[in-house]
Amino acid sequence: MTILCLCRAPLNYRAGIPRFCKELYSCYFSSKPILASVAFSSPNQFKRVIGPYYTELVFPYLFKFGTIAISLSYISFFVKYIRSSKIIHLNHPDPFSSLLTLFCYFLLGCTPKIIITWHAEIYKSYPFAAPLLVFLDSLLFNIADHIVYPTLFHEKSSFLRKLTLDKSKFSVIPLAIDNLPTSYQPRSIQCVLACDRDLRLLSVGRLVSYKGYRFAIMALRWLLDHNEFDFDLHYTIIGHGPLFSSLQSLVVSLDLVDVVTILSDVDDNDKFDFYKNSDLFLFPSISQSEAFGFSQLEAMSYSIPVLNTCLNNGVNYLCPPDVGFTVTPKSYLEISEGIISICQSQSTYSSYCHKSFERSTFFNIDNVRSSYQTLFHD
């Protein structure tokens with residue numbers, strides 16, 4: 001059983017869909033899958049990594065538009081390899097790979113089994129292209145053998161599900177990632193409330209607009225101007241992306257240089273140290289382009305309380321309002337009030353810590369792998 005997994009984003013990106021794909025296949029499957037994607041960062045990048053369980057291929061792009069990158073070498077590889085693949089595992093949204101799949105299916109007569117993992121709808125992000133994308137995706141859904149949604153939120157809100165004739169091909173398999181703590185880690189904020197040290201806030205994710213970091217930064221300015229507890233704050237944002245300079249400028253303009261630190265080059269070991277030493281995790285995303293949020297899961301597994309936003313999608317399925325503290329997107333005042341509410345007492349804080357960790361144990365990578373293996377064999 002030869003599997004070709006299309007990973008949507010560059011495999012050297014240590015988060016999101018690429019991370020899910022790599023960790024899903026970091027175990028025995030009946031054959032060694034090929035994980036393929038197109039590079040975003042360099043037009044000349046080509047990468048081949050042969051691992052014990054899968055092979056990674058990253059192809060250089062010819063040009064790109066937003067997060068859609070076009071690659072001639074990827075097209076050549078795809079057309080050649082699809083003929084020998086038994087299963088195409090397409091992680092969607094990926095308009096480029098979807099178009100290639102449809103081309104090979106209808107014009108070249110290549111008919112491998114098609115499994116789709118549906119991560120998010122992007123039609124609102126590309127309103128002018130939305131009619132074409134809906135048309136292509138409806139074709140893709142109807143020729144697919146199975147469509148997997150990561151949460152019930154994704155399934156219920158999916159416009160394409162309503163257009164697909166065969167409803168029996170849908171299922172829900174939660175996302176998960178590996179190498180997370182499996183035991184509860186007690187935390188205390190008593191010393192913070194006594195002003196013995198900073199209240200350490202953390203965010204992890206790409207520096208892009210839909211992450212909403214500007215509103216978290218503005219919330220800190222408000223907190224410092226209206227600080228009821230008189231504690232010191234320090235906020236670390238770990239990530240890289242196109243908004244690095246503009247976020248730094250915002251930090252300077254709000255006189256928060258000593259409060260906010262943006263780190264763009266942090267390896268996994270150092271990142272996990274930040275989780276261990278942080279008091280509160282901020283996840284202030286502002287649009288449904290944020291479909292799930294693995295960094296939330298990482299924080300929860302380290303028993304860190306999470307403050308997120310109400311997006312009514314996988315973000316709130318992973319960390320619902322009865323587990324974390326959920327606020328309105330783009331509201332820096334509510335973020336400020338949420339920080340105060342979570343940290344108002346040791347008992348309140350400890351309750352959020354317990355709920356975070358307990359929720360994280362629901363997302364088990366071994367169960368996810370087993371479900372996908374069963375699906376592929378069926």
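The values are calculated or read from the model by the stated rules, or taken from the named source; none is laboratory data. The structure presented is a predicted model; accordingly, all values stated were derived computationally and were not measured. Methodologically, a virtual Cβ is constructed for each residue, glycine included, from the backbone with ideal geometry; neighbour enumeration extends over all protein chains shown. In case anyone asks, the SASA skips ligands and DNA or RNA and just uses the protein heavy atoms, side chains included. Shrake-Rupley method; radii C 1.70, N 1.55, O 1.52, S 1.80 Å.
Screening the range 1-52 for strands (runs of 3 or more DSSP E) wholly inside it with 2 or more residues that are touching a Cys at 6+ places or on another chain (Cβ under 6 Å) and at pLDDT 75 or above returns the ranges 34-38. Looking only at residues of the range 53-65 that are under 15 Å from S37 (Cα atoms) and surrounded by fewer than 20 Cβ atoms within 10 Å (Cβ to Cβ), we find that the one that is modelled with the lowest pLDDT is K64. Of all residues in the range 66-88, how many are open to solvent by less than 20 Å² (accessible area, probe 1.4 Å) and more than 15 Å from N142 (Cα to Cα)? Within the range 66-88, residues that are open to solvent by less than 20 Å² (accessible area, probe 1.4 Å) and more than 15 Å from N142 (Cα to Cα) number 7. From the residues in the range 294-327 that are open to solvent by 40 Å² or more (accessible area, probe 1.4 Å) and part of a loop (DSSP other than H, G, I, E, B), which one is nearest to N91 (Cα to Cα)? The residue in question is N312.
Among the candidates Y53, Y61, Y105, the residue that is more than 22 Å from the chain's Cα centre (by Cα), under 19 Å from L133 (Cα atoms) and not acidic (D, E) is uniquely Y105. Filtering the range 164-178 to residues that are among the aliphatic types (A, V, I, L, M), over 16 Å from L375 (Cβ atoms) and open to solvent by less than 50 Å² (accessible area, probe 1.4 Å) leaves only I177. Regarding the range 265-283, can at least one residue be identified that is outside any loop (DSSP other than H, G, I, E, B), of a type in the set (S, T, Y) and surrounded by fewer than 16 Cβ atoms within 10 Å (Cβ to Cβ)? No, because not a single residue in the range 265-283 is outside any loop (DSSP other than H, G, I, E, B), of a type in the set (S, T, Y) and surrounded by fewer than 16 Cβ atoms within 10 Å (Cβ to Cβ).
Residues in the range 340-378 that are farther than 30 Å from D145 by Cα and either of a type in the set (D, E, K, R) or touching a helix residue (DSSP H, G or I) at 6+ places or on another chain (Cβ under 7 Å) (or both): I342, C343, Q346, T348, Y349, Y352, K355, S356, F357, E358, R359, S360. Is it fair to say L139 is farther than 20 Å from E290 by Cα, open to solvent by 30 Å² or more (accessible area, probe 1.4 Å) and over 24 Å from the mean Cα position of the chain (by Cα)? Spelling it out, L139 is indeed farther than 20 Å from E290 by Cα, open to solvent by 30 Å² or more (accessible area, probe 1.4 Å) and over 24 Å from the mean Cα position of the chain (by Cα). For the range 334-378, the set of residues classified as among the aromatic types (F, W, Y) and touching a Cys at 6+ places or on another chain (Cβ under 8 Å) consists of Y349 only. All of (1) open to solvent by less than 40 Å² (accessible area, probe 1.4 Å); (2) within 19 Å of A15 (Cα to Cα); (3) modelled with pLDDT of 85 or more; (4) of a type in the set (A, V, I, L, M, F, W, C) hold for A291 with one exception: (3). Among the candidates V134, V79, which residue alone is of a type in the set (V, I, T), part of a helix (DSSP H, G or I) and modelled with pLDDT under 90? Result: V134 is the single residue among V134, V79 that is of a type in the set (V, I, T), part of a helix (DSSP H, G or I) and modelled with pLDDT under 90.
Taken over the range 82-102, the criterion of being modelled with pLDDT of 90 or more and either assigned to a strand (DSSP E or B) or under 22 Å from the mean Cα position of the chain (by Cα) (or both) is satisfied by I87, I88, H89, L90, N91, S97, S98. Here K330 passes the criteria (1) in a loop (DSSP other than H, G, I, E, B); (2) loosely packed, with under 15 Cβ neighbours inside 10 Å except the one numbered (2).
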